[in-house]
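See below for the structure under consideration.
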Amino acid sequence: MREELIVSGRMNHLIDPQLNIWHWQIPLYLFLGGLAAGILFFAALFTILGKEKEYPTAVRIAPFLVPFLLILGLLALFIDLNHKLYFWRLYTIIRLQSPMGWGAWTLMIITPLSFVWCALNIKTIFPNWNWKYNWLIDLEAFLRKHVIVISWIILIYSLILGVYTGILFSAFNARPLWNTSILGPLFLTSGLSTAAAVVIMMSKNIHERHKFARIDLMLIGIELFLIVHMFMGFLASAQVQIDAASLFLGGPYTTPFWLFVVTLGLAFPALLEFLEIKGFKMPVFIAPALVLMGGLIFRFVIAYAGQASRWLY
Amino acid sequence: MRYAMAVDTKKCVGCSDCVVACQTENNVPIGFCRDWVVEVTDGTYPQLEIEIRSERCNHCENSPCVRCCPTGASHYAEGGVVLVTPNKCIGCGACIASCPYDARYPHPDGYVDKCTFCLHNRVEKGLDPACVSVCPTKCMYFGDLDDPNSPVSKVLKTRKFKTLIPEAGTNPQLYFLI
Ligand code: SF4
Ligand code: SF4
């Protein structure tokens, strides 16, 4: 039997007895970032494919949420910082090895791009919009001419942002639960799925709703596949990762994860979406609302459980 | 130059003098500590074996905390000592989450703080770190690993030693004599 005690007394605030440095702000920031990335991804993708007319909500309307989501997310990140006055230090250096660093830079690029996208589509929301100044009108015409280039840039950056929301965690080898590169694609898929849910909620067009229900079904399938792989990887790995997985397999995070994330946030909405595609009349809001709730809880569970997992020595 | 420290687990009695010396020397805020003493008991009574270790930041050669810092506040200083520059630190906590040894803590003033090996306040003046110089059993050795005559180089040549969680790939520079 082995017993390990800190005999000098150590009770560093937020470190002991268990790491608790990140609270609601970081998972919320990652959820909003993933959702924004997903919405931009679909808008850019269907523009590149020339399907703006078929999927007007995804391309022209849902992206109006993105600047708000990103700003809310950045606000959450800002609230999380303990040395707020030095916030600008993030932007005096480029540190490619630091996920936090390149996440900050990605947001710096994608936030203005999301404003550009809204500006290009503003007449969908306000048909009588007038830019007033000639140079703004010229600028709009210029951007509109290059909308495909802008779409490609947004597509790429939205993927980077979506993957980043997972890599922020997976880069920490100190927390065995986070230290799996599957989190990148998993959070990207989850972000895309929450974005599809938002489009389903906002769309008034049955064809578009069914298309996104089909997309979401596929994304949920991929997510479940990645989750199974994540656990297979943990259980076939070192003791610390087996311990990390056991937080979800009988440990304190078992119910939140399997009930709220997997069952209510993935499997059940997938069933509802499937039935809707098959022609059953379903209340439009339930499935996407569950997907959004599942995505949010998923990030909270991973953020908190990760801090509970550690190396022992 | 490569600063390192060795702690003799056979001599350490766990008196925690090193902890108090550090708190005093470095103005560590009340309720926090940069070093601590761990006691590991193995076996069942009456066959017990005890190991006592004075622990702190390992000043890792491949330190995840420096890697993940978005602003460069966490950096390698002279001799590989890992330091935090308070007015570059935004307090994001990434480095705290990245340290497998939980050696860092959020200072009440907002930035992140940890052991500095007393680099600026003592070592640069030719003194040993506060913990090393105060230890009543003289169980700690400090110095430059590149200098074969430094106390730490000498003791590592003659004694068996280990580092903590070498499998985390951090290459710690805090050695424990066993
Ligand atoms: S022990 Fe922790 S804080 Fe110290 S250098 Fe290593 S990773 Fe960084
Ligand atoms: S808390 Fe400070 S030192 Fe740590 S990673 Fe963030 S900016 Fe760097």
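The values are calculated or read from the model by the stated rules, or taken from the named source; none is laboratory data. Source: prediction; values computed, not measured. Don't worry about glycine lacking a Cβ; one is built from the backbone with ideal geometry, like all the others, and counts go over all protein chains shown. Just the protein is used for accessible areas: all its heavy atoms, side chains included, with ligands, DNA and RNA removed. Shrake-Rupley method; radii C 1.70, N 1.55, O 1.52, S 1.80 Å.
A:I109 falls short on exactly one of the conditions (1) β-branched (V, I, T); (2) within 14 Å of another protein chain (Cβ to nearest Cβ); (3) surrounded by fewer than 15 Cβ atoms within 10 Å (Cβ to Cβ), and that condition is (2).
Among the residues of the stretch A:50-104, just one is open to solvent by less than 10 Å² (accessible area, probe 1.4 Å), within 16 Å of ligand 2 (Cβ to nearest atom) and of a type in the set (S, T, Y), namely A:S98.
Could you tell me whether A:G9 is at positive phi and open to solvent by 50 Å² or more (accessible area, probe 1.4 Å)?
Answer is no for this residue.
Does B:R34 satisfy the condition of being assigned to a loop (DSSP other than H, G, I, E, B) and basic (K, R)? Against the criterion (assigned to a loop (DSSP other than H, G, I, E, B) and basic (K, R)), B:R34 qualifies. Among the residues of the stretch B:63-88, those identified as within 13 Å of ligand 1 (Cβ to nearest atom), at the interface with chain A (Cβ under 9 Å from one of its Cβ atoms) and more than 24 Å from A:P17 (Cβ to Cβ) are B:V66, B:R67, B:C69, B:A73.
Considering only residues in the stretch A:136-190 that are small (G, A, S) and in a helix (DSSP H, G or I), the one that is farthest from A:L96 (Cα to Cα) turns out to be A:A141.
When the residues of the stretch B:150-172 are filtered to those that are under 16 Å from B:E51 (Cβ atoms) and within 14 Å of another protein chain (Cβ to nearest Cβ), the one that is most open to solvent (accessible area, probe 1.4 Å) is B:K162.
Being more than 16 Å from ligand 1 (Cβ to nearest atom) and closer than 23 Å to B:F142 by Cα is the filter here; which residues of the stretch B:89-122 pass it?
B:H120, B:N121, B:R122
Can you say whether B:G43 is in a strand (DSSP E or B), at the interface with chain A (Cβ under 8 Å from one of its Cβ atoms), out of contact with any Phe, Trp or Tyr (no Cβ under 9 Å at 6 or more places or on another chain) and more than 9 Å from ligand 1 (Cβ to nearest atom), as far as the supplied structure shows? Considered against the rule, which asks whether it is in a strand (DSSP E or B), at the interface with chain A (Cβ under 8 Å from one of its Cβ atoms), out of contact with any Phe, Trp or Tyr (no Cβ under 9 Å at 6 or more places or on another chain) and more than 9 Å from ligand 1 (Cβ to nearest atom), B:G43 comes out as yes.
Out of B:G72, B:G91, one residue alone is touching a residue at least 12 places away in the same chain (Cβ under 8 Å), out of contact with any strand residue (DSSP E or B) (no Cβ under 7 Å at 6 or more places or on another chain) and not in a helix (DSSP H, G or I). It is B:G72. Here is the figure for the stretch B:97-115: residues that are under 20 Å from B:N171 (Cβ atoms) and either in contact with a Leu (Cβ under 6 Å, 6 or more places away or on another chain) or not hydroxyl-bearing (S, T, Y) (or both) total 8.
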